[in-house]
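Here is the structure we will look at.
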Amino acid sequence: MKKIRLLVCGFLCFVTSLYSQQQLIKIEGYAQGTTYHVTYIDAKNRDLKPEIEKILKDFDLSVSTYIPNSIISRINSNQKDVIVDKYFIACFNKAKEVWKNTNGAFDPTIYPLSNAYGFGPGKKQHLQKAKIDSILKFVGFQLIKLKGDHVVKKDPRVSLDFNAFAQGYSVDVVSEFLNSKNINSYIVEIGGEVYANGKDQLGKSWLVGIEKPIDNKETENPLKAIIKLDNLAISTSGNYRRYFMEDGQKIVHHIDPKTGMPTKNNLLSASIFAKECISSDANATGVLVLGLEKAKDFLQKHPELQAYLIYTDTDGKYKTYETPGFKDLLVETME
């Protein structure tokens, strides 16, 4: 799928089985270029790892730009008569919804630019303004549509990248699988995107941590907050995991679809909570590109989303913005 985009939502399940007869089943592994962790309570004590890994493999064959023969890669290379599947359709429709809601701040057709900057499987380029402007001519979700089970482009150079939110959707897909097995208490994390259902074995809410947005590509950062999840998803977007330095400038992986430039604003991370992880993941990306003030306006129009935004003030100090419902999720904050 993609390299680890963030580790803001650390998989911190503060649980113990010392005083409970219910046993937690924990499985983990590698998928989509990152790690995954699934913890669940199952009265039948089933090991579902083989089935989950098969689901994740099939998912990659649909929407991973890192697999040359995936559905999305074949569409990007303009192969004829490519038939899309349910995973692709779900991603496409969610992308269109969030693209409209964010007024284009979230746009999966940014793929040619992301690739050129070095945040995709393609060869990194040293981009000048003229080159950026030339690529922007075929960036825009209005240039592509879904017609039945086929994709239609207005320009063959238009290409898609669902990596900004596909991991969130894969969390939903695994969660749906667990539901189908009549497993009602679980927490699923893939590459930092999380959904939790039911309670842990002590009957308490699952807990996860939100990291401080400190530039750090390798290790976990100190926690900024601990929150509880009750049948809820969380995704965090930030520009402190995937970036590189070039000519003394920090080049981040979130690209503004309107300017073609890496985002530059005082919003350091955006943690979004939603009923589905595909929604929390896509909207977290859109909010980060919008920047703090536009993000506030956006969130006021979408009360179905809760948010915890970390930004810097004019003195460079950490500040936070919280939507009204976030206080019901918060367990503890750290300095």
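The values are calculated or read from the model by the stated rules, or taken from the named source; none is laboratory data. What you are looking at is a predicted structure, and each value in this text was computed from that prediction instead of being measured. In this analysis, Cβ positions are derived from the backbone assuming ideal geometry, glycine residues included, and neighbour counts consider all displayed protein chains. The accessibility values were calculated without ligands, DNA or RNA, using every heavy atom of the protein model including side chains. Shrake-Rupley method; radii C 1.70, N 1.55, O 1.52, S 1.80 Å.
Restricted to segment 68-100, and to residues there that are in contact with a Phe, Trp or Tyr (Cβ under 9 Å, 6 or more places away or on another chain) and of a type in the set (D, E, K, R), the residue that is nearest to Leu288 (Cα to Cα) is Lys100.
Can Val158 be described as within 30 Å of Lys204 (Cβ to Cβ), among the aliphatic types (A, V, I, L, M) and out of contact with any Lys or Arg (no Cβ under 9 Å at 6 or more places or on another chain)? The answer is no for Val158.
Restricting Ile214, Ile210, Ile183 to those that are farther than 27 Å from Tyr87 by Cα and at pLDDT 90 or above reduces the list to Ile210. When the residues of segment 304-314 are filtered to those that are surrounded by fewer than 19 Cβ atoms within 10 Å (Cβ to Cβ) and in contact (Cβ under 8 Å) with a residue 12 or more places away in the chain, the one that is nearest to the chain's Cα centre (by Cα) is Glu304.
The set of residues in segment 34-63 being in a loop (DSSP other than H, G, I, E, B) and either touching a residue at least 40 places away in the same chain (Cβ under 8 Å) or in contact with a Ser or Thr (Cβ under 7 Å, 6 or more places away or on another chain) (or both) consists of Asp42, Arg46, Leu48. Just one of the listed residues (Asp161, Asp149) is within 28 Å of Phe273 (Cα to Cα) and at pLDDT 85 or above, namely Asp161.
Among the residues of segment 148-201, which ones are free of Cβ contacts under 8 Å to residues at least 24 places away in the same chain, among the acidic types (Asp, Glu) and closer than 19 Å to Glu28 by Cα? Glu176, the sole residue that qualifies. Taking segment 64-99 as the range and being more than 21 Å from the chain's Cα centre (by Cα), buried (at least 19 other Cβ atoms within 10 Å of the Cβ) and in a loop (DSSP other than H, G, I, E, B) as the test, only Val84 passes.
The residue that is modelled with the lowest pLDDT, counting only those in segment 256-273 that are of a type in the set (A, V, I, L, M, F, W, C) and open to solvent by 10 Å² or more (accessible area, probe 1.4 Å), is Met261. Can you name every residue in segment 279-303 that is open to solvent by 10 Å² or more (accessible area, probe 1.4 Å), hydrophobic (A, V, I, L, M, F, W, C) and within 14 Å of the chain's Cα centre (by Cα)? Passing the criteria: only Val289. If Thr333 passes every condition in (1) surrounded by 15 or more Cβ atoms within 10 Å (Cβ to Cβ); (2) at pLDDT below 95; (3) under 17 Å from Leu229 (Cβ atoms) but one, which one does it miss? All conditions pass for Thr333, except number (1).
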